[in-house]
Amino acid sequence: MANATGVRSLADRPAGDQERALRELVPEDGAQPSGFHWQRMPDAERHAALIALATPELDRVYERIRGSGYALMLMDASGLVLYERSEPLSRDSARICPVSTPTPCLIVPASACRAADQPLTLEDLAGEDPQMLRNARSARRIADSNVSVLIQGPTGSGKEAFAHAMHLASSRASQSFVAVNCAAIPETLIESELFGYKAGAFTGARKDGMRGKILQSSGGTLFLDEIGDMPLMLQTRLLRVLEEQEIVPLGSENPVKVNLHVLAASHRNLREMIARGTFRDDLYYRLNGITLELPALRDRADKERVIHHALAAETGNGRPAAIERDALQRLLAYPWPGNVRELRNVIRTALAICDGGVIRRIDLPREIREAETVQIAPFTPQPPALGTTSTMTTAKGPGSANPLQVAERAALLSVIEDCHGNMTRVAMQLGMSRNTLYRRIKRHGIPLAHSA
């Protein structure tokens with residue numbers, strides 16, 4: 001610390017004093033002045049002199065390599081850094097995850113995605129998943145048409161983000177994008193929220209009235225999230241608005257023309273709701289010009305890329321995010337019932353509590369770090385037990401004589417491998433309980449080596 005303080009004290013001197021001090025220390029002819037002993041100089045003064053002499057040349061070198069990802073450092077024999085210039089991102093990456101770290105880490109720079117306050121585009125959301133790429137391609141083609149779009153997908157899969165990206169890809173991007181969560185607005189208020197009202201329309205109304213969400217979105221995009229939760233009475237009125245392209249605010253007798261482009265979304269099966277009489281079929285067919293299905297996070301082919309993107313999006317101050325490989329494998333194996341929303345919450349919390357800016361397994365929630373995973377042990381054919389014959393119908397190995405049993409065993413092995421041995425996810429993929437899954441695994445003689 002003393003050396004560093006000395007360096008700063010000389011470096012902070014006025015230019016004239018510093019120049020005179022350097023001339024006294026190192027004359028232009030290179031000879032030492034009478035009575036001067038370089039080796040006897042205090043470390044701080046010697047370091048300061050070296051810095052002052054080398055800085056102009058080092059600065060010129062650094063300007064030539066700037067932006068290449070390299071840092072430029074000058075160190076003495078003791079390891080003290082006399083000069084250092086680097087980009088903040090490179091410097092923080094080195095501090096967070098040095099090359100010599102015994103545990104392999106993945107560093108995701110903050111530049112891997114756009115800033116958190118910038119909306120995502122269709123390209124950002126599509127990633128490398130085949131289904132999402134098809135969705136993005138279809139969305140771009142119909143963005144400027146009058147085709148109604150119904151976005152379906154599980155809760156937390158990013159339906160609103162996808163709708164907003166569609167809006168940005170259209171010619172309406174400069175106009176308003178108005179999102180309405182039909183499940184979050186009380187039934188008694190949803191009509192006034194959507195259609196607005198005139199002054200004095202009801203007790204408690206604003207004295208100057210209110211423009212409803214539909215009118216606010218005129219010329220832009222209206223996104224109706226969780227449309228399946230809209231009351232039947234309002235479904236009828238919404239259908240008329242979509243057909244007539246005009247609204248009548250509460251307390252008013254004069255219709256107001258609107259220019260509507262509606263995107264709707266739901267995690268419910270609307271066809272089943274129609275069969276039960278809880279959703280109007282005519283509204284469904286009006287909204288369902290094209291249906292875009294967003295996959296659950298566990299089903300995405302580019303899940304690791306989504307995790308990298310979430311890591312980068314949750315970092316702040318330009319610092320990169322780092323995660324140990326073991327923790328990353330846990331995130332990849334987890335089935336994510338809450339989808340992308342759950343993933344972002346988990347990463348946000350882990351980054352807040354982790355040490356040194358590196359997410360480790362211990363920083364993850366218990367249900368993720370302790371999720372049961374299994375590894376498929378190598379198959380070794382077992383000899384038949386005494387009293388049994390080779391014509392038994394239950395398959396105990398790939399050489400069974402029953403082709404249906406062999407096919408079922410192969411299918412089980414394939415799903416277990418695809419799910420990285422996560423039995424909870426395997427059961428969900430196959431649509432059966434874990435107990436049933438384990439009975440079938442046992443029946444087919446699939447050996448499993450458990451790991452914590």
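The values are calculated or read from the model by the stated rules, or taken from the named source; none is laboratory data. Keep in mind that what you see is a predicted model, and the values were worked out from it rather than measured. For neighbour counting, all protein chains shown are included, and Cβ atoms are generated from backbone atoms with ideal geometry for every residue, glycine included. Note: accessible area is taken over every heavy atom of the protein model, side chains too, but ligands, DNA and RNA are not part of it. Shrake-Rupley method; radii C 1.70, N 1.55, O 1.52, S 1.80 Å.
For segment 236-276, which positions are of a type in the set (Ser, Thr, Tyr) and either within 23 Å of residue 200 (Cβ to Cβ) or assigned to a loop (DSSP other than H, G, I, E, B) (or both)? Don't jump to the end; show me each part of the working.
Here is the first cut: in segment 236-276, the ones of a type in the set (Ser, Thr, Tyr) are 236, 252, 266.
Correct list: 252 only.
Take segment 430-449 and flag every residue that is assigned to a helix (DSSP H, G or I) and within 34 Å of the chain's Cα centre (by Cα). Let's see the steps before the verdict.
So the first thing to find is which residues in segment 430-449 are assigned to a helix (DSSP H, G or I), and the list is 430, 434-443.
Scanning segment 430-449 gives 430, 434, 435, 436, 437, 438.
Suppose we keep only residues that are in contact with a helix residue (DSSP H, G or I) (Cβ under 9 Å, 6 or more places away or on another chain) and over 30 Å from residue 303 (Cα atoms) within segment 172-181. Which one would you say is most open to solvent (accessible area, probe 1.4 Å)?
Once the filter is applied, the top-ranked residue is 175.
Somewhere in segment 182-192, is a residue assigned to a strand (DSSP E or B) and either loosely packed, with under 13 Cβ neighbours inside 10 Å or at pLDDT below 85 (or both)? Show your work before the answer.
Here is the first cut: in segment 182-192, the ones assigned to a strand (DSSP E or B) are none.
For segment 182-192, residues assigned to a strand (DSSP E or B) and either loosely packed, with under 13 Cβ neighbours inside 10 Å or at pLDDT below 85 (or both): absent.
Of all residues in segment 307-325, how many are at negative phi and surrounded by fewer than 16 Cβ atoms within 10 Å (Cβ to Cβ)?
Residues of segment 307-325 at negative phi: 307-316, 319-325.
Then keep just the ones that are surrounded by fewer than 16 Cβ atoms within 10 Å (Cβ to Cβ); that gives 316, 325.
Selection size over segment 307-325: 2.
Within segment 203-226, identify whether any single residue is in contact (Cβ under 8 Å) with a residue 40 or more places away in the chain, touching a strand residue (DSSP E or B) at 6+ places or on another chain (Cβ under 8 Å) and farther than 30 Å from residue 121 by Cβ, and answer yes or no.
Yes, the conditions are met somewhere in segment 203-226.
Considering every residue within segment 392-399, establish whether at least one is more than 18 Å from residue 331 (Cα to Cα), in contact with a His (Cβ under 7 Å, 6 or more places away or on another chain) and either at pLDDT below 75 or open to solvent by 50 Å² or more (accessible area, probe 1.4 Å) (or both). Walk me through it before giving the result.
Narrowing segment 392-399 to residues more than 18 Å from residue 331 (Cα to Cα): 392-399.
Okay, now just the ones that are also in contact with a His (Cβ under 7 Å, 6 or more places away or on another chain), so 395.
Applying the additional criterion that residues be either at pLDDT below 75 or open to solvent by 50 Å² or more (accessible area, probe 1.4 Å) (or both) yields 395.
Yes, segment 392-399 contains at least one residue that is more than 18 Å from residue 331 (Cα to Cα), in contact with a His (Cβ under 7 Å, 6 or more places away or on another chain) and either at pLDDT below 75 or open to solvent by 50 Å² or more (accessible area, probe 1.4 Å) (or both).
Among the residues in segment 276-283, are any out of contact with any Cys (no Cβ under 6 Å at 6 or more places or on another chain), over 30 Å from residue 332 (Cβ atoms), of a type in the set (Val, Ile, Thr) and open to solvent by 40 Å² or more (accessible area, probe 1.4 Å)? Outline the logic, then answer.
If we filter segment 276-283 for residues that are out of contact with any Cys (no Cβ under 6 Å at 6 or more places or on another chain), which is where we start, we get 276-283.
From what's left, over 30 Å from residue 332 (Cβ atoms): 276-283.
Remaining after also requiring of a type in the set (Val, Ile, Thr): 278.
Within this subset, residues satisfying the condition of being open to solvent by 40 Å² or more (accessible area, probe 1.4 Å) are 278.
Yes - at least one qualifying residue is present in segment 276-283.
Please determine, by comparing only the residues of segment 195-238 that are of a type in the set (A, V, I, L, M), at pLDDT 85 or above and over 31 Å from the mean Cα position of the chain (by Cα), which one is nearest to residue 257 (Cα to Cα). Walk me through it before giving the result.
Step one: of segment 195-238, the residues of a type in the set (A, V, I, L, M) are 199, 201, 205, 210, 214-215, 222, 224, 227, 230, 232-234, 238.
Adding the requirement that they be at pLDDT 85 or above leaves 210, 214-215, 222, 224, 227, 230, 232-234, 238.
Filter once more, keeping what is over 31 Å from the mean Cα position of the chain (by Cα): 210, 215, 232-234, 238.
On the way: 210: 16, 215: 9, 232: 24, 233: 21, 234: 19, 238: 14 Å.
For segment 195-238, the residue satisfying everything is 215.
Pick from segment 131-165 the residues that are β-branched (Val, Ile, Thr) and either over 17 Å from the mean Cα position of the chain (by Cα) or modelled with pLDDT of 95 or more (or both): which of them is surrounded by the fewest Cβ atoms within 10 Å (Cβ to Cβ)? Full working, then the answer.
Quick first cut of segment 131-165, residues β-branched (Val, Ile, Thr) only: 142, 147, 149, 151, 155.
Filter again for either over 17 Å from the mean Cα position of the chain (by Cα) or modelled with pLDDT of 95 or more (or both), leaving 142, 147, 149, 151.
Numbers: 142: 17, 147: 12, 149: 25, 151: 26.
Per the stated criteria, the residue is 147.
Considering only segment 220-230, I want to know if a residue exists there that is assigned to a helix (DSSP H, G or I) and either of a type in the set (Asp, Glu) or over 20 Å from residue 289 (Cα atoms) (or both). Full working, then the answer.
As a first pass, look at segment 220-230 and keep what is assigned to a helix (DSSP H, G or I): 227-229.
Subset that is either of a type in the set (Asp, Glu) or over 20 Å from residue 289 (Cα atoms) (or both): 229.
Within segment 220-230, one or more residues are assigned to a helix (DSSP H, G or I) and either of a type in the set (Asp, Glu) or over 20 Å from residue 289 (Cα atoms) (or both).
Within segment 277-298, is there a residue that is over 24 Å from residue 137 (Cβ atoms), of a type in the set (S, T, N, Q) and under 16 Å from the mean Cα position of the chain (by Cα)?
No - not one qualifying residue is present in segment 277-298.
Residue 421 - would you say it is at pLDDT 75 or above and touching a strand residue (DSSP E or B) at 6+ places or on another chain (Cβ under 6 Å)?
On the way: at pLDDT 75 or above: yes; touching a strand residue (DSSP E or B) at 6+ places or on another chain (Cβ under 6 Å): yes.
When the stated conditions are applied, residue 421 passes them.
Restricted to segment 284-306, and to residues that are over 11 Å from residue 339 (Cα atoms) and assigned to a helix (DSSP H, G or I), which residue is most open to solvent (accessible area, probe 1.4 Å)?
Restricting to residues being over 11 Å from residue 339 (Cα atoms) and assigned to a helix (DSSP H, G or I), the top hit is 285.
Any residue in segment 406-430 that is more than 13 Å from residue 440 (Cα to Cα) sitting within a Cβ distance under 6 Å of a residue that is among the small types (Gly, Ala, Ser)? List the pairs, counting only those 6 or more apart or interchain.
Listed pairs, sorted by first residue: 420/333; 422/333.
May I ask you to list the residues in segment 323-360 that are at pLDDT below 90, among the β-branched types (Val, Ile, Thr) and within 16 Å of the chain's Cα centre (by Cα)?
Answer for segment 323-360, where residues must be at pLDDT below 90, among the β-branched types (Val, Ile, Thr) and within 16 Å of the chain's Cα centre (by Cα): just 323.
Check residue 169 against each of (1) at pLDDT below 90; (2) open to solvent by 40 Å² or more (accessible area, probe 1.4 Å); (3) of a type in the set (A, V, I, L, M) and name the one condition it does not meet.
It fails just one condition, (1).
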